[in-house]
Amino acid sequence: MVIKASLMAVGVCSTVLLAASTAVTPPPTDLERNWPQWRGPLGTGEAPHAKPPLEWSETKNLRWKTPIPGLGKSTPVVWNDLVFVTSAIPKTPTKPGAADAVHEFVLFAVARADGKVKWQKTVHVGQPHEGTHQDGTFASGSALTDGKRVYAYFGSRGLYAFDFTGKPLWEKQFGQMQTRNGFGEGNSPALHGDTMVVIWDHEGADHIIGLDTATGKEKWRTERDEPTTWATPHIVVHDGRAQAVVPGTNKMVSYDLATGKILWQTPGLTLNQIPSAVSGDGMVYAMGGFRGNMARAVKLSEAKGELTGPPGLVWSYDKDTPYVPSPLLYRGGLYFLKTNSGILTQLDAPSGQPKYTERLAAVPNVYASPVAADGRVYVTGRDGTTVVLAAGPKPEVLATNVLADPMDSSPALVDGDVFLRGARNLYRVSDR
């Protein structure tokens, strides 16, 4: 009887182990697998299901490159078989960033398979009311998609929704933004569920708006008090509540996505706030690096009202933070670049303790935000060079890849592909 019972127990255990070993992990959803917004499916720079190539060049692993007319520094957005980019095409001779010419504001839909333009839609034709920074463009805000519609945002030129065949669905106008020092516009909306968030911080009346994604109608509007902010809102869900986190010079503020009410706020970061926040494991991280250095970490379970220290405001860090590139959160590491340089710092995200600071000689100047997938970190420099590092506590460079096109747009990682947008071309690289 003892032997029989033992054999039965072994059989039960074997069955349990067999069931566990044969359990099938569900495939990622389209929202998880694609690159639906400028910081990827998680809003952190990570593509959790991608396995992009390690190496590429103009002659290696280049699947196609497609010329994109006009000027734009928006990140490619990818949904299944389509890649979306925005551009501003000057209709009369002009220098980049000048407001003295009529521009055509265009959304391009490019076939992922062969790089051919499937359709393009001109949403507005007109002369901008002000110029841009010398390194800026009139199409620096990225498109975004929820898999139902694709949205193209041109700030003072409006927000436009299309279906995937290019059929116009709705548009929304917000007025004219007056940016600090005439530096121009450059943030993107963010969305979650059926709500899209648009931040409108400039040298006039400021507000944040929640829109219905199906109709473009306002759900709520909350007044703010900030100088010009170029940061894209970051949406995080905690305890079943979605909130939009917006870093700023005066305050970093979190808004309830359903109502627009303020949930919590911290002291501000630095002037000319451009980097967007990231989040993971119940924490939010934000930083700025113009005329100062500041990074802050907030614990969401303790975040309510005004946060000035623990337990809600967990740590601050005041060295080597970025001016333009947003940080990357990947496998417990918080990666960021000093100002607009190739000096890369990694912190242990929960504690804020530094792991390393390393100069990446191959990318001395960087505007693009770092991205990550499959155990690697990708940093793209302004000259078209991308350095690939192993993710981890030590700065191990695995590859240096060069394309003959200046690049300020952040890469997009989907499946086995990297999509890069240069000054002249849109690229797809893959080793599969």
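Tell me, please, whether a residue that is of a type in the set (S, T, N, Q), out of contact with any strand residue (DSSP E or B) (no Cβ under 8 Å at 6 or more places or on another chain) and either modelled with pLDDT under 95 or in a strand (DSSP E or B) (or both) can be found in region 79-93. Looking for residues that are of a type in the set (S, T, N, Q), out of contact with any strand residue (DSSP E or B) (no Cβ under 8 Å at 6 or more places or on another chain) and either modelled with pLDDT under 95 or in a strand (DSSP E or B) (or both), one finds at least one in region 79-93, hence yes.
Listed residues TYR427, TYR356, TYR367; which is farther than 20 Å from GLU55 by Cβ, at pLDDT 95 or above and not in a loop (DSSP other than H, G, I, E, B)? None of the others qualify; the one that does is TYR356. In region 41-78, of all residues being part of a loop (DSSP other than H, G, I, E, B) and touching a Lys or Arg at 6+ places or on another chain (Cβ under 6 Å), the one that is farthest from GLY184 (Cα to Cα) corresponds to HIS49. For region 392-411, the count of residues that are of a type in the set (A, V, I, L, M, F, W, C) and within 21 Å of ASN34 (Cα to Cα) is zero.
Within the option set VAL377, VAL388, being β-branched (Val, Ile, Thr), in contact (Cβ under 8 Å) with a residue 40 or more places away in the chain and in contact with a Pro (Cβ under 8 Å, 6 or more places away or on another chain) holds for one residue only, VAL377. The condition of being outside any loop (DSSP other than H, G, I, E, B), β-branched (Val, Ile, Thr) and surrounded by fewer than 15 Cβ atoms within 10 Å (Cβ to Cβ) holds for only one of VAL245, VAL237, VAL198, that being VAL237.
Residues checked against (1) within 29 Å of ASN80 (Cβ to Cβ); (2) of a type outside the set (A, V, I, L, M, F, W, C):
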| site | (1), (2) |
| --- | --- |
| THR137 | yes, yes |
| GLY141 | yes, yes |
| ARG157 | yes, yes |
| GLU171 | yes, yes |
| GLY175 | no, yes |
| ILE199 | yes, no |
| ALA205 | no, no |
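Going by the structure shown, is GLU223 of a type in the set (Asp, Glu), out of contact with any Pro (no Cβ under 8 Å at 6 or more places or on another chain) and under 24 Å from ALA143 (Cβ atoms)? Judged against the criteria, GLU223 is not a match. For region 143-184, residues that are under 25 Å from PRO411 (Cβ atoms), in contact with a His (Cβ under 9 Å, 6 or more places away or on another chain) and either modelled with pLDDT of 95 or more or among the aromatic types (Phe, Trp, Tyr) (or both) total 4. Just one residue in the set TRP230, TRP220, TRP264 is crowded, with 20+ Cβ neighbours inside 10 Å, touching a residue at least 40 places away in the same chain (Cβ under 8 Å) and over 22 Å from the mean Cα position of the chain (by Cα); that residue is TRP264. Considering region 381-424, the residues that are touching a Lys or Arg at 6+ places or on another chain (Cβ under 6 Å) and either assigned to a strand (DSSP E or B) or charged (D, E, K, R) (or both) include one that is farthest from PRO327 (Cα to Cα), namely ASP405.
Does ALA139 count as of a type outside the set (D, E, K, R), outside any loop (DSSP other than H, G, I, E, B) and closer than 25 Å to HIS207 by Cα? In short, no. May I ask you to list pairs of residues, at least six apart or on different chains, whose Cβ atoms are under 9 Å apart, with the first in region 289-317 being surrounded by fewer than 20 Cβ atoms within 10 Å (Cβ to Cβ) and the second being of a type outside the set (A, V, I, L, M) and part of a helix (DSSP H, G or I)? That search, which allows pairs on different chains as well, returns PRO310/GLU302; PRO311/SER301; PRO311/GLU302; GLY312/SER301; GLY312/GLU302. Among the residues here, LEU403 qualifies as at pLDDT 95 or above and surrounded by 15 or more Cβ atoms within 10 Å (Cβ to Cβ). Scanning region 178-195 for residues that are surrounded by fewer than 18 Cβ atoms within 10 Å (Cβ to Cβ) and in a loop (DSSP other than H, G, I, E, B) yields GLN178, GLY193, ASP194. Does region 136-159 hold any residues that are surrounded by 18 or more Cβ atoms within 10 Å (Cβ to Cβ) and either over 19 Å from the mean Cα position of the chain (by Cα) or not assigned by TED's automatic domain parsing to the domain that holds LEU82 (or both), and which are they? Scanning region 136-159 gives SER156, ARG157.
Answer yes or no: is there a residue in region 398-414 that is of a type outside the set (Val, Ile, Thr), more than 15 Å from the chain's Cα centre (by Cα) and closer than 30 Å to GLY282 by Cβ. No: zero hits.
The values are calculated or read from the model by the stated rules, or taken from the named source; none is laboratory data. Computed from a prediction, not measured in an experiment: that's the story for all the values here. In this analysis, Cβ positions are derived from the backbone assuming ideal geometry, glycine residues included, and neighbour counts consider all displayed protein chains.
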